[in-house]
Amino acid sequence: MKRLIPILALLSLLGSCDQMITQRKASLYSPAALTPRPDPDAVAWRDKPVAPPPLSLALLQRGQQRYRIFCAPCHSELGDGNGMVVQRGFPHPPAYTTARLRHAPTQHFFDVITDGYGDMYSFAGRISPQDRWAIVAYIRALQDSQHAKVADLLAAHRQAPP
């Protein structure tokens, strides 16, 4: 009797092996029945083109808020590329005040936020296109603030405060 139980257990295991051989399974290269196949020419994270909104104080304030959340950890509040993440050992991003980035087209900044660049990953899934344009407007304001001249100010603002 003691030998009968292990023999029955072995026979039941051997009987189940046949089911494993004949079970249905998806081939690696066969089309999936339950999931639609993606279009190979489509880029999932690419949004429909959104034109830059008109420049306004509200846009700059929104851009500053979003910049502080998403960009300042690496690029710093000043845009000099020395954010807190960089101070902890991550690679330095370029400063926005370099000549190359000051003369870069505005679309470049939008595309970098959307697609990523170098060590920077894509923020397309995290930041809406409207907020990306707001961040770009704020980056331009940061660039202008670092290279502003007294002659660029309005006459009412040229005098130093008392």
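A short reminder: the numbers here are calculations on the coordinates, not readings from a lab. It should be emphasised that the depicted structure is a prediction, and the values quoted were computed from it without experimental measurement. Here the Cβ is made from the backbone with ideal geometry for all residues, glycine too, and neighbour counts use every protein chain on show.
So here's what we get for this one:
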{"quantity": "Cα gyration tensor, the stretch 57-148 - rounded (a/c under 1.5), prolate or oblate", "calculated": "rounded"}
{"quantity": "FRET efficiency estimate (nearest 0.05) - Cβ-Cβ, Met120 to Ala58, R0 35 angstrom", "calculated": "0.85"}
{"quantity": "For Asp131, net neighbour charge (Lys/Arg +1, Asp/Glu -1) across residues whose Cβ lies under 10 Å away", "calculated": "+4"}
